[in-house]
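Computed from the coordinates by the stated procedures, all read-outs in this text should not be read as laboratory data. What you see is a predicted model; the values in this text were computed from it and never measured. We place every Cβ from the backbone using ideal geometry, glycine too, and count neighbours over all the protein chains shown.
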Amino acid sequence: MRKRLLLPALALVLFLTACSSQQKVLTGNTFALDTLVELKLYSYPNKERDSLIDDTFDQMKQLENTLSMHVEGSDIDRLNQNAGKEPIAVSDITYRVLQDSLFFSEKTDGLFDVTAGPLIKLWAIDPPDGHYPSPQELDATLPLIDYHKINFLGDSRIELADQGMIVNLGAIAKGTIAEEMKTYLLSRGVTSALINLGGNVLALGSKPDGSSFIIGIQDPSSSRGEYLMSIQIDNESVVSSGDYERYFEYEGKIYHHILNPNTGFPAETNIKQVTIVTDNSQKADGLSTSVLLLGVQKGIQLVESLEGVEAILITKDHYIYFTEGLRDRYETQEELIRNYTITDQLSDLKD
């Protein structure tokens, strides 16, 4: 379920009014979490300005070193190395993220599963390359995927029951880290900021003048940077998942990176792109993958069953569906939107 997200940061004003004086927007960029990370601070204590960006990035990288399976010695690396052998003690945040992941697993009947690591490793999708697995490889891999076999033993101790199990937090960790960055910035007195973790966008508050942040949504049928629409957000997170960001071609067919642990193959739903808007970035991250795996009907049912969660679904046959709370919060790009049909009827959308 590992995914690379969109980069939906639309043009933002560079100088904004904070209280009675103007502050320059503090901006920082770095490469982390396998993506370009951007941080914009709009309202902050002046005495903190020289260290805020670097200190926040340091916090983010510490979290990456804890939660990434690709960092030797991280909690997740140690957990995977000891699968089927013995429990290990992990940090509080690792324990919490793994527990939180069960919410999405249960809501999707196991389609969302952080133990899908062996399947992600088998397909090895790294555009333009990837591996098309044989039936024998899938037969050996799929039994290793089962979130029920993550044993929470208390005192921050976790055990993976079977040898060969691999936890991969690629479908949830960016959201977790964005929330931790928000908490850190609040502790430093920041009241207005925009965090962009490679497309996982979190707005802390609103702009200092009270107006909303404007976030662009990528057109999934166009090249990167072509925005189909924009939405207004305040103190919310926006996360998109799609079948077009990471894929490879095998014998004339495209195989994308969002994998169904039941079939062992990329999810085959009618969803081209799903965008989740909610007040918690971890929830938005997990739901964006969950909805794409579930398909149109079940995906929208899940979103509408959750308080404070909204979604935009774009289908492969060029329909766009907004849940009710977003229907007056978007503007479209006229040149691109003419290729789509906007509907408020779920019956128009195929699974």
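Quick look at the numbers
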read-out: Efficiency of FRET from Cβ geometry, Lys253 and Gln59, R₀ 35 Å, rounded to 0.05; value: 0.25
read-out: Which of Phe248, Phe213, Phe265 has the fewest Cβ neighbours within 10 Å, and the rest in rising order; value: Phe265, Phe248, Phe213
read-out: Space enclosed by the convex hull of the alpha-carbon atoms of the stretch 72-160, per residue, Å³; value: 117
read-out: Value at 222 nm in deg cm²/dmol, rounded to 500, when DSSP H runs of n ≥ 4 in the chain each add -39,500 (n - 2.57); value: -8000 deg cm²/dmol
read-out: Phe152-Leu306 pseudo-label distance in nm [points 7 Å out on the Cα-to-Cβ vector]; value: 1.7
read-out: Efficiency of FRET from Cβ geometry, Gln81 and His318, R₀ 45 Å, rounded to 0.05; value: 0.50
read-out: Beta bridge orientation in the chain: antiparallel %, DSSP, nearest 5; value: 95
read-out: Peptides ranked, highest mean first, by Cβ atoms within 10 Å: ranges 273-282, 127-136; value: 273-282, 127-136
read-out: Computed P(r) (all Cα pairs; the chain; 20 Å bins; percent); value: 30, 57, 12, 0
read-out: FRET efficiency for Ser211 and Ser347, using Cβ-Cβ distance with R0 set to 25 Å, rounded to 0.05; value: 0.10
read-out: Extended-chain gain in nm, criterion 0.36 nm per residue less alpha-carbon gap, Glu137 and Leu186; value: 12.9 nm
read-out: Of Lys24/Lys207; Lys121/Lys253; Lys40/Lys182; Lys121/Lys298; Lys61/Lys174; Lys24/Lys182, pairs whose Cα-Cα distance is over 18 Å; value: Lys121/Lys253; Lys121/Lys298; Lys24/Lys182
read-out: Protection-proxy order for peptides 170-178, 25-33, each taking the mean of Cβ atoms within 10 Å per residue, highest first; value: 170-178, 25-33
read-out: Residue order, fewest to most surrounding Cβ atoms within 10 angstrom, among Glu137, Glu268, Glu310; value: Glu268, Glu137, Glu310
read-out: Loop GluC sites (Glu not before Pro), the stretch 39-108, which have at most 15 other Cβ atoms in a 10 Å radius of their Cβ (DSSP); value: Glu72
read-out: Length gained when the stretch Glu268-Leu36 is fully extended (0.36 nm per residue, less Cα-Cα span); value: 80.6 nm
